[in-house]
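Below is one structure; the comments refer to it alone.
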Amino acid sequence: MTTMLGISLAGRDVVMVGGGPVTARRLRRFLDEGAIVRIIAPELCDEIGELAFAHGITWMPRPVVADDLDGAWLVHTATGDPRVDADVAAACETRRILCVNASDGAHGSARLAAETRAGDVVVGVVSDAGVDPRRAGRLRDAIAGMLREGRLPLRRRRATAAGRVDLVGGGPGPIDLLTIRGRRLLAEADVVVADRLGPTDVIGELDPDVEVIDVGKRPGHHPVPQEEINRIIVEHAKAGKRVVRLKGGDPFVYGRGGEEVAACLAAGVPVDVVPGLTSVVSVPQSAGIPVTHRGTAASIHVVNGQAEPTPATAAALADPAVTTVVLMGVAGLARLVDTAFAGGAASDKPVAIVENGHTPQQRTTRTTLGRAVADAAAAGVRNPAVIVVGDVARADLLLPADIMAGDADR
Ligand code: SAH
């Protein structure tokens, strides 16, 4: 029978007998945990040599003797000679030192678990009978996958003082376009502060007792002011909660994520940011539009359509090799078109307006600068929408030339 213990090796003496690849693998792990390692082996493989040099490890270049084990909390023996490993294990036994025996088929008094970590959680796999590292490793990998994807109940049940805020970019909407890291952090969260855009469905998958605070704009409701959002995330984190601030797209693209990070830093609250697929790229993509395309567009100019267009925007709109991507731009479309024409842009320059990208309500309106205002009004285009101005917005951009030539035999 085996009992699994979570042991801290930090600052503790560990003796490793043998200088081959098994020792090398485990050495890394012991060093990561902060153990003070001594190696006894006539020779070291290159990998250990480098590690030993980098970490200033003590190496006794000779065969092991029983006295080498004195003072260790844990011994790891992997000499490649089962007889020597068995002798080491026996010497540990009389000294009451726990010993991992890496010989094929042997068990020492201790076994290393196949380990995986998710945030602060460590899961280990060991077997009571026999040694089957492949099986333990595969089981470990399967559990690691579920942990990574937030499919296991990672949320802490006991509050600790260690509150924090994670700004998670949720991508354009579908849950499977949220990053795996973001999904795991959501599974760990006590409080989720969410917007209207982004993967709102994921909220329904959270534990029922997770506090969800909706700060998004809704028809008939006023948006929560940014200062108030900052205050909410900081206060919950200070109360020891794990807070996820879930945002549409990427937190640092027109998401005011920078302000939220600054507010956390000013309050001394630990904060981290998880990137998300920004609508700048993913919404045009949902309509089959590559924002850059060799020979067509070599750069991207991104603008907030609510702001007065700048000379840089006028220049981008007039440049045939630049794709201009406008967010929050439906209300300001006429002003944008005026800017384009004042800067000398061609009136037949292609425009695509993609509404609700990556959702069942997705709709694309293809037009030109000259007709954009009239076509958008006729179609009743509404936010959220991304407006793409440039040759990449041409409907036939990626179609084979023979189809475009009307080759009926194809
Ligand atoms: N941080 C976000 C952008 C926030 S600004 C990001 O990186 O994507 C909000 C604007 O994003 C909307 O007005 C719209 O222009 C755009 N947008 C976000 N999601 C969208 C979607 N699914 N379809 C179309 N536009 C979207």
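Looking at 229, 233 in this structure, which one is away from the ligand (no atom under 12 Å from the Cβ), in contact with a Cys (Cβ under 9 Å, 6 or more places away or on another chain), open to solvent by less than 60 Å² (accessible area, probe 1.4 Å) and closer than 18 Å to residue 271 by Cα?
From the options 229, 233, the qualifying one is 233.
Looking at region 235-255, I want the residues that are among the hydroxyl-bearing types (Ser, Thr, Tyr) and have a partner that is at pLDDT 95 or above with Cβ atoms under 6 Å, at least 6 apart or on another chain. Which pairs are those?
Cβ pairs passing all conditions: 254/304; 254/327.
From the list 224, 269, 244, which residue is assigned to a loop (DSSP other than H, G, I, E, B), at pLDDT 95 or above and more than 12 Å from the ligand (Cβ to nearest atom)? Break it down into steps so the answer makes sense when it comes.
Details: 224 fails: at pLDDT 95 or above; 244 fails: assigned to a loop (DSSP other than H, G, I, E, B).
Selected residue: 269, the only one of 224, 269, 244 that is assigned to a loop (DSSP other than H, G, I, E, B), at pLDDT 95 or above and more than 12 Å from the ligand (Cβ to nearest atom).
Given the conditions (1) open to solvent by 30 Å² or more (accessible area, probe 1.4 Å); (2) within 12 Å of the ligand (Cβ to nearest atom); (3) touching a strand residue (DSSP E or B) at 6+ places or on another chain (Cβ under 6 Å), and given that residue 253 satisfies all but one, which numbered condition is not satisfied?
All conditions are met except number (3).
Is it true that residue 315 is away from the ligand (no atom under 16 Å from the Cβ), closer than 23 Å to residue 277 by Cα and surrounded by fewer than 19 Cβ atoms within 10 Å (Cβ to Cβ)?
Against the criterion (away from the ligand (no atom under 16 Å from the Cβ), closer than 23 Å to residue 277 by Cα and surrounded by fewer than 19 Cβ atoms within 10 Å (Cβ to Cβ)), residue 315 does not qualify.
Being more than 24 Å from residue 105 (Cβ to Cβ) and touching a residue at least 60 places away in the same chain (Cβ under 8 Å) narrows it down to one residue among 73, 59; which is it?
The conditions single out 73.
From the set of residues in region 167-183 that are touching a helix residue (DSSP H, G or I) at 6+ places or on another chain (Cβ under 6 Å) and open to solvent by 10 Å² or more (accessible area, probe 1.4 Å), which is nearest to the ligand (Cβ to nearest atom)?
At the first step, the residues of region 167-183 found to be touching a helix residue (DSSP H, G or I) at 6+ places or on another chain (Cβ under 6 Å) are 167-168, 171-172, 175, 180.
Cutting the leftovers down to open to solvent by 10 Å² or more (accessible area, probe 1.4 Å) gives us 172, 175, 180.
Values: 172: 4, 175: 13, 180: 18 Å.
Ranking the qualifying residues of region 167-183, first place goes to 172.
How do the strands (runs of 3 or more DSSP E) wholly within region 336-405 filter down when requiring 2 or more residues that are open to solvent by less than 50 Å² (accessible area, probe 1.4 Å), among the hydrophobic types (A, V, I, L, M, F, W, C) and in contact (Cβ under 8 Å) with a residue 60 or more places away in the chain: which remain?
350-355, 385-389
The values are calculated or read from the model by the stated rules, or taken from the named source; none is laboratory data. Everything numeric here is computed off the predicted structure, so don't read it as measured data. Cβ: placed from backbone, ideal geometry, glycine included. Neighbour counts: every protein chain shown. Just so you know, the surface numbers come from the protein's heavy atoms only, side chains and all, with ligands and any DNA or RNA stripped out. Shrake-Rupley method; radii C 1.70, N 1.55, O 1.52, S 1.80 Å.
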